[in-house]
Amino acid sequence: MADINAIAKSFVDFYYSTFDRNRAELAPLYKEFSMMSFEGQQFRGADIVEKLQSLPFQRVQHQVVTVDAQPSNPQAGPLLVTVTGRLLVDDEQNPQHFSQTFQLVPEGTSYFVFNDIFRLNYGF
Amino acid sequence: MNTQLLDVSSRAADTFVPAFYSMFDRQRHALANLYGETSVLVWNGNTTQGAAAIARSYLDFPISDHEVLSYDCQPLTESSDILVTISGNVRYGDEQRRKLFHQSFVLRQRPESKGNYFIVTDTFRFV
């Protein structure tokens, strides 16, 4: 069995470096039946990357702090990847905490995103 | 979107989320009932497997007070499994400071009783 932590790590590196460089390039990771909950709002399929592209900042920098990976179904290949980190937008000096959970589903030699749940973490 | 599946998963999450944290804070010994033999907990990077071991590790925590700030749920692939993610804060014992946490669960229907879920995976991190 492939090392799921290594798969999760390389997905996470790819995802956020692509996000920070050009959000439009995330489109191939999502299929028409993929789901995203973004701050409690639901999006599906092509609407997901459209939403990401419409976010009102010019520049963003994600800094990943933790990555956890687990098989979401022991009989098959889907992976649950949970990320916590910080992000900085535009000229902001204070990073915001975020958490994001993905379910990755294998397809051929690669994976696509079936589930994506994003939240900013406030609370103090 | 399969709205029926979404309804089922959001109803399950609406029931599960308050029940889990109220059990954790007030009836922690009962948590064992929510896990199965193959369940996996990853708590801040440390893995524990099986209902008995997970419940034992939770019993070692000091008195807790969880406050849920937001939760989300989605149906998972090709099954009736449900993904539930929670953001919140928690105070342990008489600590003054509340810690921010993020927790993700995969819930699965018990084969013997439909509509009744157990925890397949539980991933917890302080953020």
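The values are calculated or read from the model by the stated rules, or taken from the named source; none is laboratory data. The structure displayed is predicted, hence computed values, not measured ones. As a convention, Cβ positions derive from the backbone with ideal geometry for all residues, glycine included, and neighbour counts pool all protein chains shown. Areas reflect the complete protein model, heavy atoms only, side chains present, ligands, DNA and RNA absent. Shrake-Rupley method; radii C 1.70, N 1.55, O 1.52, S 1.80 Å.
Which of the numbered conditions does residue A:51 fail, given that it passes all the others? Conditions: (1) within 14 Å of the chain's Cα centre (by Cα); (2) modelled with pLDDT under 95; (3) not β-branched (Val, Ile, Thr).
Residue A:51 satisfies every listed condition except (2).
Checking the conditions here, which among A:60, A:81, A:89, A:65 is touching a residue at least 12 places away in the same chain (Cβ under 8 Å) and facing another protein chain (nearest Cβ under 9 Å)? Even if it seems obvious, please write down each step before you answer.
Values: A:60 fails: facing another protein chain (nearest Cβ under 9 Å); A:81 fails: facing another protein chain (nearest Cβ under 9 Å); A:89 fails: facing another protein chain (nearest Cβ under 9 Å).
Unique residue meeting the criteria: A:65.
Give me the pairs, please: first residue somewhere in region B:91-102 and surrounded by 10 or more Cβ atoms within 10 Å (Cβ to Cβ), second residue anywhere and modelled with pLDDT under 95 and among the β-branched types (Val, Ile, Thr), beta-carbon distance under 8 Å, and either six or more positions apart or on two chains.
Pairs that qualify, where the first residue is surrounded by 10 or more Cβ atoms within 10 Å (Cβ to Cβ) and the partner is modelled with pLDDT under 95 and among the β-branched types (Val, Ile, Thr), are B:100/B:127; B:101/B:127; B:102/B:127.
For residue A:23, all conditions in the list (1) more than 10 Å from chain B (Cβ to nearest Cβ); (2) of a type in the set (D, E, K, R); (3) out of contact with any helix residue (DSSP H, G or I) (no Cβ under 9 Å at 6 or more places or on another chain) hold save one; what is the number of the exception?
If we test residue A:23 against (1) more than 10 Å from chain B (Cβ to nearest Cβ); (2) of a type in the set (D, E, K, R); (3) out of contact with any helix residue (DSSP H, G or I) (no Cβ under 9 Å at 6 or more places or on another chain), just (3) comes out false.
Which is polar (S, T, N, Q) and modelled with pLDDT under 95, of B:103, B:96? Write out each step before concluding.
Working: B:103 fails: modelled with pLDDT under 95.
Of B:103, B:96, the one residue that is polar (S, T, N, Q) and modelled with pLDDT under 95 is B:96.
Quick one: which strands (runs of 3 or more DSSP E) sit completely within region A:26-124 and have at least 3 residues that are buried (at least 19 other Cβ atoms within 10 Å of the Cβ)?
A:30-38, A:60-71, A:79-89, A:96-107, A:110-121
So, in region A:1-25, how many residues would count as being open to solvent by 60 Å² or more (accessible area, probe 1.4 Å) and either outside any helix (DSSP H, G or I) or under 27 Å from residue B:10 (Cα atoms) (or both)?
4
State all residues of region A:104-124 that are over 13 Å from residue A:15 (Cα atoms) and at pLDDT 90 or above; if no residue qualifies, say none. Steps first, answer last, please.
We begin by selecting, within region A:104-124, every residue over 13 Å from residue A:15 (Cα atoms); these are A:105-110, A:114-115, A:117-124.
Answer for region A:104-124, where residues must be over 13 Å from residue A:15 (Cα atoms) and at pLDDT 90 or above: A:105, A:106, A:107, A:110, A:114, A:115, A:117, A:118, A:119, A:120.
Quick one: would you say residue B:51 is touching a strand residue (DSSP E or B) at 6+ places or on another chain (Cβ under 9 Å), free of Cβ contacts under 8 Å to residues at least 40 places away in the same chain and surrounded by 14 or more Cβ atoms within 10 Å (Cβ to Cβ)? Walk me through it before giving the result.
Details: touching a strand residue (DSSP E or B) at 6+ places or on another chain (Cβ under 9 Å): yes; free of Cβ contacts under 8 Å to residues at least 40 places away in the same chain: yes; surrounded by 14 or more Cβ atoms within 10 Å (Cβ to Cβ): yes.
In short, yes.
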